[in-house]
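Here's the structure we're looking at; comments come further down.
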Amino acid sequence: GESARIRAARARARARRAAVRHRCTMTGATTRGMSPCAFGAICRNVAILGAIVLGSLCGYLFMSSTPSWSSLSWSLRAKVGIPVPLSVQKDAAQLVRAQGRLFFLFVLEDHLPHSKVWSAFFSAAPTGSYDAVAHCANKEACDRSPEMRRLGIQTVDTVPTKPCVDVVSPIYQMLRKAIAIAGPADFPIQKFIVVGDSTLPLKSLTRMRDILLRTSSSDICPSPPDEWASSKISGTRYYVVKHHRWVILSRRHADIFVENWQKMSKYSSFVKHGNITVEPGDYKWNTPRMGLDGFANTSDAFPRGNIAVPSRCPEEEVFTTLIFGLFENKMRSRWRSLFSAGKCRTYVNWKCERPPEEFSRVTPLLRQLALNTTEDGYLFAGRMAPGASFDELTPLIIGRR
């Protein structure tokens with residue numbers, strides 16, 4: 001019985017070896033001088049190699065025939081130094097824009113300060129990932145600037161402006177221009193970023209896009225309630241919600257602001273020989289109440305001057321007021337949700353001996369803010385001294401550490 005089982009086992013082994021020899025023979029291989037196991041491994045490797053070649057061919061054909069994958073394949077080719085046709089570059093830019101667009105709105109005098117840092121910021125970004133518009137007090141000087149031309153920053157016509165009286169009209173001008181560039185409102189997420197001439201980025205543009213294009217909300221940073229101007233009118237107490245002047249608006253809120261500033265602002269009636277004739281504290285704009293839909297109701301508004309205030313600049317009040325309206329207690333829950341949605345995106349240090357602090361170098365705090373990877377972190381820093389060097393920011397904002 002034992003010998004019969006041994007003979008049966010040997011017969012099965014011979015059958016397996018014969019099957020291996022048959023498969024290898026079908027692939028053109030021979031078992032002469034090698035064990036069946038070795039040739040079994042060879043056969044498997046031949047089959048795997050064939051599958052890889054076939055899969056690569058199919059993948060190439062798929063990527064070449066599909067617009068998004070085709071753009072990706074070209075981007076990979078560009079990284080290894082293969083020339084990319086101009087038509088393909090345009091397609092890649094359109095693909096980036098289809099993921100959302102950022103519009104930078106620069107409030108400038110006659111040039112772009114710290115242009116070396118801004119050049120590194122914009123140059124490291126994918127084609128089509130941003131558009132930039134500037135309002136310059138001296139438009140001719142900005143138009144002659146080689147840095148602004150190289151970065152593709154478009155200038156708008158200059159409008160009269162006066163510190164703490166009306167620096168809002170220039171922002172209104174830029175928003176109109178940017179919205180015209182953006183096209184229809186049903187385009188993917190759009191954000192409009194107001195940037196001052198003493199502001200610098202703390203993150204790469206790619207990282208900013210990743211953070212800002214995840215939501216369709218605006219980033220308006222409110223000041224503490226004890227800084228809000230208020231008055232009791234017809235038995236109801238109204239508050240003007242003060243906010244930081246550097247804001248990031250969604251497309252919907254940008255559209256609302258542009259429409260309402262045009263309706264509520266009276267500053268254009270107080271311009272003589274190109275200069276605004278009113279002084280700080282003499283407000284020439286109206287403040288609407290919040291409507292039932294949670295937005296400013298311009299048909300129910302009264303002059304800003306009716307609300308007592310020690311000293312306020314319009315650019316610190318107009319975005320909350322003209323988009324959402326005045327604060328009143330019965331609308332407290334709506335305001336609470338608005339405050340929770342927005343983030344403070346531009347760092348300015350008011351907790352110092354002589355606020356606001358003006359930075360003349362990259363301090364450990366600025367470096368820490370730049371290295372912060374959380375989505376709620378600051379994206380910009382304000383009050384950067386003109387003429388100071390901030391070259392240390394460059395490796396941080398283009399992704400190197």
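The values are calculated or read from the model by the stated rules, or taken from the named source; none is laboratory data. What you see is a predicted model, and the numbers here were worked out from it, not measured in a lab. All Cβ positions, even for glycine, are placed from backbone atoms using ideal geometry, and neighbour counts span all protein chains on display. Please note that ligands, DNA and RNA were not included when accessible areas were found on the heavy atoms of the full protein model with its side chains. Shrake-Rupley method; radii C 1.70, N 1.55, O 1.52, S 1.80 Å.
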Paired Rg and Dmax values of segment 300-354, which use every Cα atom, in angstrom: 14.1, 42
Length gained when the stretch Arg150-Ser123 is fully extended (0.36 nm per residue, less Cα-Cα span): 8.7 nm
Looking only at aspartates and glutamates whose Cα falls under 20 Å of Lys177's and that sit 8 or more positions away or on another chain, we get Glu109, Asp110, Asp131, Glu140, Asp143, Asp157, Asp166, Asp186, Asp197, Asp255, Glu259, Glu315
Starting from the Cα of Cys352, step 7 Å along the direction of its Cβ; do the same at Ala385; then give the gap between the two resulting points in nm. 0.9 nm
Largest first, how would Thr127, Thr199, Thr161 line up by accessible area (1.4 Å probe)? Thr127, Thr161, Thr199
Using a cut-off of under 20 Å, list every residue of segment 198-223 whose amide N is near the label point 7 Å from the Cα of His111 along the Cα-to-beta-carbon line. 198-201
With the crude spin-label approximation of a point 7 Å out along Cα→Cβ, what separation in nm comes out for Lys330 versus Asp376? 3.3 nm
So what does His135 come to for accessible area, using a 1.4 Å probe and Å² rounded to 10? 10 Å²
Unsatisfied cross-links (Cα-Cα over 20 Å) in the set Lys116/Lys203; Lys242/Lys284; Lys162/Lys232; Lys232/Lys330; Lys263/Lys330: Lys162/Lys232; Lys263/Lys330
Mind pulling the per residue volume of the convex hull built on the Cα atoms of segment 199-276? Å³ is fine. 189 Å³
Per principal axis, descending, Cα span of segment 220-355 in whole Å: 44, 42, 33
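Of Leu175, Leu213, Leu371, which has the most accessible area and how do the rest follow, probe 1.4 Å? Walk me through the numbers before you get to the answer.
Numbers: Leu175 0, Leu213 25, Leu371 75 Å².
Result, largest first: Leu371, Leu213, Leu175.
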Tell me the relative contact order for segment 190-345 as a rounded percent, counting alpha carbon contacts under 8 Å between residues six or more apart. 29 percent
State the percentage of accessible surface on segment 302-347 attributable to carbon and sulfur atoms; use a 1.4 Å probe and exclude ligands, DNA and RNA. 51 percent
